[in-house]
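Engineer: Shown below is the structure under consideration.
The values are calculated or read from the model by the stated rules, or taken from the named source; none is laboratory data. What you are looking at is a predicted structure, and each value in this text was computed from that prediction instead of being measured. Quick reminder, even Gly has a Cβ in these numbers, built from the backbone with ideal geometry, and neighbours come from all protein chains shown. When the accessible area is computed, the model is the full protein with side chains, heavy atoms only, and any ligands, DNA or RNA have been set aside. Shrake-Rupley method; radii C 1.70, N 1.55, O 1.52, S 1.80 Å.
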Amino acid sequence: AQSVTQLDSHVSVSEGTPVLLRCNYSSSYSPSLFWYVQHPNKGLQLLLKYTSAATLVKGINGFEAEFKKSETSFHLTKPSAHMSDAAEYFCVAHPPGGSYIPTFGRGTSLIVHP
Amino acid sequence: EPEVTQTPSHQVTQMGQEVILRCVPISNHLYFYWYRQILGQKVEFLVSFYNNEISEKSEIFDDQFSVERPDGSNFTLKIRSTKLEDSAMYFCASTFNRGTYGYTFGSGTRLTVV
């Protein structure tokens, strides 16, 4: 069985400062990993994905994430937060082959202060 | 950019009533999904649908739930006899390739059972 742990339920940053949203996965194999963003009253939008190619993945809106197998982590970062980044962020794991039922983390609410 | 469309955006129903949530997936996608997010909780997988049949379903997806693709365009989720605990945001998603490269989500239907 696999699990996804988002270590922080809320992260608060000031505009212009770096963002770090943490995600750890637990799996007996290397899953595909994704970050989605959910703005209020909107659906989930794919930010970026890791599918066993480059371990540093760049996504939309200046976000990137690094897959570290030794740490079973896939943390999301952005060098400089913008007010429009305030949203809920979900880390998601897809198992390779067979069942394609993904596992969602609980989500991290990013709060950006002016 | 193609979108997944869900209607209605908000539905209020009385306990015990049947509801149908509607989704129009992206036209060339082959796999269709329903997810649920109870307020304050994580996103949960309900069911996946491919080639006009259910391919996978979670424990949540019991006999009260059913899905249908009646006309090659719409993808519906029916809850036969709603319970208070069915109150949640329901997301439809579609993908071309079983989710390996991520899903496209709709903006959700907020179901409130009173």
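Engineer: Taking the residues in region B:88-111 that are in a strand (DSSP E or B) and within 7 Å of chain A (Cβ to nearest Cβ) as candidates, determine which candidate is modelled with the lowest pLDDT. Before you say what the answer is, go through the steps one by one.
Structural biologist: Kept after step one, since they are in a strand (DSSP E or B), are these residues of region B:88-111: B:88-95, B:104-105, B:109-111.
Within this subset, residues satisfying the condition of being within 7 Å of chain A (Cβ to nearest Cβ) are B:91, B:105.
Details: B:PHE91: 94, B:PHE105: 89.
Filtering region B:88-111 for residues that are in a strand (DSSP E or B) and within 7 Å of chain A (Cβ to nearest Cβ), the one modelled with the lowest pLDDT comes out as B:PHE105.
Engineer: Return a yes/no flag: does region B:26-39 have any residue that is outside any strand (DSSP E or B), among the basic types (Lys, Arg) and either under 11 Å from B:ALA93 (Cα atoms) or open to solvent by less than 80 Å² (accessible area, probe 1.4 Å) (or both).
Structural biologist: Among the residues of region B:26-39, not one is outside any strand (DSSP E or B), among the basic types (Lys, Arg) and either under 11 Å from B:ALA93 (Cα atoms) or open to solvent by less than 80 Å² (accessible area, probe 1.4 Å) (or both), which makes the answer no.
Engineer: Counting only residues that are of a type in the set (Gly, Ala, Ser) and within 15 Å of B:ASN51 (Cβ to Cβ), which one in region B:67-101 is surrounded by the most Cβ atoms within 10 Å (Cβ to Cβ)?
Structural biologist: B:SER94
Engineer: For region B:43-58, give me each residue that is among the β-branched types (Val, Ile, Thr) and either at the interface with chain A (Cβ under 7 Å from one of its Cβ atoms) or closer than 23 Å to A:PHE90 by Cα (or both).
Structural biologist: Hits for region B:43-58 are B:VAL43, B:VAL47.
Engineer: Same structure, new question: Among the numbered conditions (1) assigned to a loop (DSSP other than H, G, I, E, B); (2) open to solvent by 30 Å² or more (accessible area, probe 1.4 Å), tell me where A:ALA81 comes up short.
Structural biologist: Going through (1) assigned to a loop (DSSP other than H, G, I, E, B); (2) open to solvent by 30 Å² or more (accessible area, probe 1.4 Å) one by one, A:ALA81 breaks only (2).
Engineer: Could you check how many residues of region A:40-61 are within 20 Å of B:GLY40 (Cβ to Cβ) and open to solvent by 60 Å² or more (accessible area, probe 1.4 Å)?
Structural biologist: Filtering region A:40-61 down to residues within 20 Å of B:GLY40 (Cβ to Cβ) leaves A:40-44.
Applying the additional criterion that residues be open to solvent by 60 Å² or more (accessible area, probe 1.4 Å) yields A:40-42.
Residues flagged as within 20 Å of B:GLY40 (Cβ to Cβ) and open to solvent by 60 Å² or more (accessible area, probe 1.4 Å) within region A:40-61 amount to 3.
Engineer: Just one of A:VAL92, A:VAL13, A:VAL57, A:VAL112 is part of a strand (DSSP E or B) and within 11 Å of chain B (Cβ to nearest Cβ); which is it?
Structural biologist: Among A:VAL92, A:VAL13, A:VAL57, A:VAL112, only A:VAL92 is part of a strand (DSSP E or B) and within 11 Å of chain B (Cβ to nearest Cβ).
Engineer: What about A:TYR100, is it among the aromatic types (Phe, Trp, Tyr) and at pLDDT below 90?
Structural biologist: The answer is yes for A:TYR100.
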